[in-house]
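Trainee: My questions will all concern the structure given below.
The values are calculated or read from the model by the stated rules, or taken from the named source; none is laboratory data. All values reported here derive from a predicted model rather than from experimental measurement. A quick note on method: Cβ atoms are made from the backbone with ideal geometry, for glycine too, and the neighbour counts reach across all protein chains shown. Calculation scope for accessible area: heavy atoms of the full protein, side chains included, ligands and nucleic acids excluded. Shrake-Rupley method; radii C 1.70, N 1.55, O 1.52, S 1.80 Å.
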Amino acid sequence: MYASREDIGYDFGDDSKVGSKPIKPNPNIDGGWAWMIVFSSFLVHILIMGSQMALGILNMEWLEEFNQSRGLTAWVSSLSMGITLIVGPFIGLFISMCGCRMTAVIGGILNALGWILSAYASNVHYLFLTFGVTAGIGSGMVYLPAVVMVGQYFQKRRALAQGLSTTGTGFGAFLMTALLKYLCTEFGWRNAMFIQGAISLNLCVCGALMRPLSPKDLSEKSVVRSDSEDNQAKAPSHSTETIKSNGALGEEPEEKEEATNDKVLESIQHTEPGGNSRSRRNMHGLRILKTLSQLTLTVRKGFALWYSSYFGAASLFTNRVFVAFIIWALFAYSSFVIPFIHLPEIVKQYNLSSQDNVFPLTSIIAIVHIFGKVILGIISDLPCISTWNVFLMANFTLVICILTLPLMQTYVGLAVVCALIGFSSGYFSLMPVVTEDLVGTKHLANAYGIIICANGISALFGPPFAGWIYDITQKYDFSFYIAGLLYMVGIIFLLIQPCIQKKQPRQKSTEEAQV
């Protein structure tokens, strides 16, 4: 989601000088501590994404406690899910200034604070602020570094590493559903949220494991990538020269200012002994000014990197297929989130609670979701199979499941549909591949961040919309029908735009021939 320096093509060294010397590869890249980063990201997915997929348990408790409409109550869960993804591009600013480790630790504290404060909620609106906003922002501050660090530590095995870390979502949904159900039954939902807040403090430990790579290691990794991709070797150096000539990310002003400050400090230290007290005061003031100047330069440099990473990709929106992909993302994720939020109450309405307590339907989705990611990824890697076709077929299957779910009123029927939902939603592992096919490797990080942000908007409005439809019709059937139809509209956009895109070059060639 966040574009690291090597992902957006920045190179802060001289390739000619580095390439002339033998480079000793860092053992922590694609091995060593890199697997601890995968383990940390795996735990982050369990604690954040897994717990969010289990919020249907708490949603039922909030409905009984506060006696508010389903549409209003669903905003609590959707705010937490949506904000986690929507703030991704903006959390990149903190990563540019503070690094992944510090950002993740602060996010872990903020997430735990949101859970703990929510235990004292007196109304739903209180939960909007504590759980929806506070815990949501904290989740985003941990989730984004977890994704970025895996990308930084892996070069050859990046797809495998990202796949292993994201399977934590399925494991987390299964574990957190059982945990929250047990805690709510034994201790009540307030104490359950308090305990979950204490568990969420482990996110700080996950953040502490995100040991940053040194600039030397990052430069070596960039050289390895440039050697493996000869066709793109000239692009990073060109972008580097452009950036340094513009003075946006150049480090020369900072070095000059630091050198000037150091000279002034040295001159004051060599003053006469009679002016010791005065020189000490001057040195103290200069140290404060030096700290402030360094902080200002860090903020400016971080903001410039963040701005160029996301807002420098305006050319992406001239790609009609990518715009259609964004429209698809605005409708797709809500169809996956709505069952997790409202299925527990649907089960209760159908008097299937006894069977659901043995094996929750949301846990079925979570477990099969893990296998769906792996199997769809293996199928799409086959040389005779198109990743785009696998992606579309999985989407069609998910739409059919969403439309047929209201027709199932037995536990076995619901379980079969939920298993298909879990398997077909495994297309999430194909999204980076499809995005790269649409925009290319150069714009992959920025484009994927935009897609994830669109998914966050979908998660933000999907569950409240389903609850609002229930408040009007007193049935969840129309919620799934409307969500499925909107999802189908997004898929139609994906089918139409490639055909238009193929026709355009032919039209241009005929016009050039006429000229």
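Trainee: Does Leu175 satisfy being more than 18 Å from Leu201 (Cα to Cα), touching a residue at least 40 places away in the same chain (Cβ under 8 Å) and open to solvent by 20 Å² or more (accessible area, probe 1.4 Å)?
Mentor: When the stated conditions are applied, Leu175 does not pass them.
Okay, residues lined up against (1) open to solvent by 50 Å² or more (accessible area, probe 1.4 Å); (2) in contact (Cβ under 8 Å) with a residue 24 or more places away in the chain; (3) in contact with a His (Cβ under 9 Å, 6 or more places away or on another chain):
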{"residue": "Trp33", "(1), (2), (3)": "yes, yes, no"}
{"residue": "Met36", "(1), (2), (3)": "yes, yes, no"}
{"residue": "Ser41", "(1), (2), (3)": "no, yes, no"}
{"residue": "Val44", "(1), (2), (3)": "no, yes, no"}
{"residue": "Gly56", "(1), (2), (3)": "no, yes, yes"}
{"residue": "Met60", "(1), (2), (3)": "no, yes, no"}
{"residue": "Gln68", "(1), (2), (3)": "yes, yes, no"}
{"residue": "Gly71", "(1), (2), (3)": "no, yes, no"}
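Trainee: A further question on this structure: Being aromatic (Phe, Trp, Tyr), over 20 Å from Pro344 (Cβ atoms) and in contact (Cβ under 8 Å) with a residue 40 or more places away in the chain narrows it down to one residue among Phe465, Phe423; which is it?
Mentor: Phe423
Trainee: Do you know which residues across the stretch 113-131 are open to solvent by less than 60 Å² (accessible area, probe 1.4 Å), within 14 Å of Met193 (Cα to Cα) and not polar (S, T, N, Q)?
Mentor: Correct list: Gly114, Trp115, Ile116, Ala119, Ala121, Leu127, Phe131.
Trainee: Right, here's the next one. Could you grab me the full set of residues in the stretch 441-472 that are in a helix (DSSP H, G or I), polar (S, T, N, Q) and modelled with pLDDT under 80?
Mentor: Hit for the stretch 441-472 is Asn446, nothing else.
Trainee: Return the residue satisfying two criteria in turn: it lies in the stretch 393-423 and is of a type in the set (Gly, Ala, Ser) and closer than 23 Å to Val147 by Cβ, and of such residues it is surrounded by the most Cβ atoms within 10 Å (Cβ to Cβ).
Mentor: The qualifying residue surrounded by the most Cβ atoms within 10 Å (Cβ to Cβ) is Gly422.
Trainee: Can you go through Leu93, Leu85, Leu110 and tell me which one is touching a residue at least 40 places away in the same chain (Cβ under 8 Å), under 21 Å from Gly207 (Cβ atoms), of a type outside the set (Val, Ile, Thr) and surrounded by fewer than 23 Cβ atoms within 10 Å (Cβ to Cβ)? Give the derivation first.
Mentor: Values: Leu85 fails: surrounded by fewer than 23 Cβ atoms within 10 Å (Cβ to Cβ); Leu110 fails: touching a residue at least 40 places away in the same chain (Cβ under 8 Å).
Testing whether each residue is touching a residue at least 40 places away in the same chain (Cβ under 8 Å), under 21 Å from Gly207 (Cβ atoms), of a type outside the set (Val, Ile, Thr) and surrounded by fewer than 23 Cβ atoms within 10 Å (Cβ to Cβ) leaves just Leu93.
Trainee: Quick check on this structure: which one of Arg70, Arg101 is within 21 Å of Pro339 (Cβ to Cβ) and of a type in the set (Lys, Arg)?
Mentor: Step by step, each of Arg70, Arg101 is checked, and only Arg70 is within 21 Å of Pro339 (Cβ to Cβ) and of a type in the set (Lys, Arg).
Trainee: Please pick out the residue among Thr134, Thr167 that is out of contact with any Asp or Glu (no Cβ under 8 Å at 6 or more places or on another chain), open to solvent by 10 Å² or more (accessible area, probe 1.4 Å), without any contact (Cβ under 8 Å) to a residue 40 or more places away in the chain and on the phi < 0 side of the Ramachandran plot.
Mentor: The match here is Thr134.
Trainee: Quick check on my filter: what residues within the stretch 29-48 are modelled with pLDDT under 90, of a type in the set (Phe, Trp, Tyr) and assigned to a helix (DSSP H, G or I)?
Mentor: Trp35
Trainee: State yes or no: is Ser429 touching a Lys or Arg at 6+ places or on another chain (Cβ under 9 Å) and assigned to a helix (DSSP H, G or I)?
Mentor: For Ser429, the condition - touching a Lys or Arg at 6+ places or on another chain (Cβ under 9 Å) and assigned to a helix (DSSP H, G or I) - is met.
Trainee: For the stretch 53-98, which fully contained helices (runs of 4 or more DSSP H) count at least 2 residues that are closer than 16 Å to Thr130 by Cα and among the polar types (S, T, N, Q)?
Mentor: 70-86
Trainee: Can you tell me which residues in the stretch 183-208 are more than 21 Å from Val105 (Cβ to Cβ) and among the polar types (S, T, N, Q)?
Mentor: Thr185, Asn191
Trainee: Give me a count of the residues in the stretch 374-399 that are modelled with pLDDT of 90 or more and in contact with a Gly (Cβ under 8 Å, 6 or more places away or on another chain).
Mentor: Matching residues across the stretch 374-399 total 2.
Trainee: Does Gln355 meet the test of being modelled with pLDDT of 80 or more and either more than 26 Å from Asp437 (Cα to Cα) or surrounded by fewer than 17 Cβ atoms within 10 Å (Cβ to Cβ) (or both)?
Mentor: yes
Trainee: Next up: Take the stretch 108-144 and flag every residue that is more than 23 Å from Glu64 (Cα to Cα) and either in contact with a Phe, Trp or Tyr (Cβ under 8 Å, 6 or more places away or on another chain) or not assigned by the TED database to the domain that holds His45 (or both).
Mentor: Selection gives Met141, Leu144.
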